[in-house]
Amino acid sequence: MCGIVGVVSSDVVNQQIYDSLLLLQHRGQDSTGIATMDGNLFHLHKSTGQVREAYRTRDMRTLKGTIGLGHVRYATKGAASREEEVQPFYVNAPYGIILIHNGNLTNTRALEKDLFNVDRRHTNSSSDTEMLLNVLATELQIEIKKSQFSPDIVFDAITNVHKRVEGSYASIALIAGYGLLAFRDPYGIRPLVIGKRYSKNLKEEWIIASESLVLENGDYQVVRDVEPGEAIFISTDGKFYSKQCVDYPQLVPCSFEYVYLARPDSIMNGISVYEARLRMGDSLAKKISNSVSTGDIDVVMPIPDSSRPAAMQVARQLGIEYREGFFKNRYIGRTFIMPGQLERKKSVRQKLNAMSSEFQGKNVLIVDDSIVRGTTSKEIVQMAKDAGANKVIFTSAAPPVRFPHVYGINMPSRYELIAYNKNLSQISHELKADYLVYQEVSDLKDSILEGSSIKELDLSCFTGEYITGKVTPEYLQWVENTYLS
């Protein structure tokens, strides 16, 4: 999971990209980078750490130009970023290309061989983003031998990229002297939204970002999402071009975006994240009422922040008082995206404090957005009991996460997942909860898609069914071995 943004403006874009990355900080706190284009020249600054730590005044002054892109990242291989893994990545031919990427490629072993043996290209990191950049550069190099530069040759190159690359990818690139390119995988697994506004002299200005809140904050009108398989090219003078680059695109967005990853004030693929989470709470309330005796539950409490909408609906539907018992330290990063179990465990108590006045002698129903590794959940249950709770009923607005997530979320090992090969009673015992209730997969799907024309979601971490090709048991074992090594 990463956050990406690209801007084509009539004014200098460095501050606008910086502000956008602050809004996307929840999508990655491991590293960040900004690249701008001034004529044929690129200017680049990237660093490990969060946005506010990474850029100083002198860095911003070097980022000249009216076109640019930015990136925030969290590691998906279990470890924090090394400097050579930090995006954006750059190649000098053809033209000079800088690229950022949100997602995860699933055929990197084949790509690595082809890039070296066939394309004669060398990568300096283990990043699949650098591989994607080099595949794009190769295909564009082939196309420019046929004709002079035009949006059509860029789209032809993207058509061939789609044929070679598997997995999830929402990407933005700068092509030196020509403009900005954005494209999305044929299933649209990772989000990408287009916005437009007009400058003071009525020139069209464009933004493409992971979440719609970035557009709204910059006073852009949300135009639409980048379609699955589609490529967008915006020239240096603001002309907008688009083309569908696959024969059979199918929108299958990641369900975990709506469960946890995205901010609630975003709209993705035409679906309000906030309203989807409210509906998750409605369906979870039904499951709770059918699973436990609700008459002796005193209060419903969320784990801030992403579970708050669901918890409010649970309380409303069950007719139980809603209370905020956990106080959140907003200066600690999201524990889900901490790189290791020990660091996550330490960060839970740094991030959350249980107020004993809200727990003392009460039977508490806690609502969380999901239970992945169980480290955070177990600590929260213990915190509630230490604060004086009589009973703790722990509930999850998402179903049990039983399978690795291979499309850009750090869940590569099934043995790290608390629900893997365990039944409800075993999971509850490990969490030390008095009772445990999970959302159903079908209810989660219905909650997200209600009122939408979208037919399918990527639910692979819940069901083990992967939408893209060649995610075989052998591949999953390789991913796991790579992660554990």
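The values are calculated or read from the model by the stated rules, or taken from the named source; none is laboratory data. Keep in mind the model is a prediction, meaning the values are calculated, not measured. Glycine gets a Cβ as well: all are built from the backbone with ideal geometry, and neighbour counts include every protein chain shown.
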ask   = From 274, 260, which residue is under 30 Å from residue 22 (Cα atoms), of a type in the set (Phe, Trp, Tyr), under 19 Å from the mean Cα position of the chain (by Cα) and surrounded by fewer than 18 Cβ atoms within 10 Å (Cβ to Cβ)?
value = 274
query = If you take the residues in the stretch 155-191 that are of a type in the set (S, T, N, Q) and crowded, with 21+ Cβ neighbours inside 10 Å, which one is farthest from residue 466 (Cα to Cα)?
reply = 171
query = Here is a list of conditions, (1) surrounded by fewer than 24 Cβ atoms within 10 Å (Cβ to Cβ); (2) among the charged types (D, E, K, R); (3) closer than 24 Å to residue 277 by Cα, and residue 362 meets all of them except one; can you say which number that is?
reply = (3)
note = With the first residue restricted to the stretch 273-301 and required to be without any contact (Cβ under 8 Å) to a residue 24 or more places away in the chain, and the second required to be surrounded by 17 or more Cβ atoms within 10 Å (Cβ to Cβ), Cβ contacts under 6 Å at 6 or more apart or on different chains are 273/258; 273/262; 273/264; 273/266
request  = Sort out which residues of the stretch 112-129 are touching a residue at least 40 places away in the same chain (Cβ under 8 Å) and buried (at least 22 other Cβ atoms within 10 Å of the Cβ), and write them in order of number.
outcome  = 127, 129
Flag for residue 199 being modelled with pLDDT under 95 and either in contact with a Ser or Thr (Cβ under 9 Å, 6 or more places away or on another chain) or closer than 25 Å to residue 163 by Cβ (or both) = yes
key: Residue that is surrounded by the fewest Cβ atoms within 10 Å (Cβ to Cβ), among those in the stretch 238-256 that are in contact with a helix residue (DSSP H, G or I) (Cβ under 9 Å, 6 or more places away or on another chain) and not in a strand (DSSP E or B)   = 239
task = Filter the stretch 81-100 down to the residues that are in contact with a Lys or Arg (Cβ under 9 Å, 6 or more places away or on another chain) and of a type outside the set (Val, Ile, Thr), then identify the one that is modelled with the lowest pLDDT.
result = 81
remark   = So the helices (runs of 4 or more DSSP H) completely within the stretch 1-74 holding 3 or more residues that are aliphatic (A, V, I, L, M) are 14-23
task = Taking residue 427 as the residue in question, decide whether it is surrounded by 20 or more Cβ atoms within 10 Å (Cβ to Cβ), outside any loop (DSSP other than H, G, I, E, B) and out of contact with any helix residue (DSSP H, G or I) (no Cβ under 7 Å at 6 or more places or on another chain).
result = yes
query = Among the residues of the stretch 18-42, how many are under 22 Å from residue 221 (Cβ atoms) and surrounded by 24 or more Cβ atoms within 10 Å (Cβ to Cβ)?
reply = 4
key: Selected residue (criterion: surrounded by the most Cβ atoms within 10 Å (Cβ to Cβ)) from residues of the stretch 375-424 that are polar (S, T, N, Q) and assigned to a helix (DSSP H, G or I)   = 377
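Table: residues versus (1) closer than 25 Å to residue 72 by Cβ; (2) not hydrophobic (A, V, I, L, M, F, W, C).
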{"position": "147", "(1), (2)": "no, yes"}
{"position": "150", "(1), (2)": "no, yes"}
{"position": "170", "(1), (2)": "yes, no"}
{"position": "179", "(1), (2)": "yes, yes"}
{"position": "190", "(1), (2)": "yes, yes"}
{"position": "227", "(1), (2)": "yes, yes"}
{"position": "240", "(1), (2)": "no, no"}
{"position": "245", "(1), (2)": "no, no"}
inquiry  = With the structure loaded, tell me whether residue 9 is modelled with pLDDT of 95 or more, in contact with a Gly (Cβ under 7 Å, 6 or more places away or on another chain), more than 25 Å from residue 121 (Cα to Cα) and small (Gly, Ala, Ser) or whether it fails that test.
reply    = no
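Here's the yes/no breakdown for (1) within 21 Å of residue 9 (Cα to Cα); (2) touching a residue at least 12 places away in the same chain (Cβ under 8 Å); (3) in a strand (DSSP E or B); (4) aromatic (Phe, Trp, Tyr):
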{"residue": "172", "(1), (2), (3), (4)": "yes, yes, yes, no"}
{"residue": "177", "(1), (2), (3), (4)": "yes, yes, no, no"}
{"residue": "182", "(1), (2), (3), (4)": "yes, yes, yes, no"}
{"residue": "187", "(1), (2), (3), (4)": "no, yes, no, yes"}
{"residue": "191", "(1), (2), (3), (4)": "no, yes, no, no"}
{"residue": "202", "(1), (2), (3), (4)": "yes, no, no, no"}
{"residue": "222", "(1), (2), (3), (4)": "yes, yes, yes, no"}
{"residue": "232", "(1), (2), (3), (4)": "yes, yes, yes, no"}
ask   = Among the residues of the stretch 444-464, is any polar (S, T, N, Q) and either buried (at least 23 other Cβ atoms within 10 Å of the Cβ) or not assigned by TED's automatic domain parsing to the domain that holds residue 278 (or both)?
value = yes
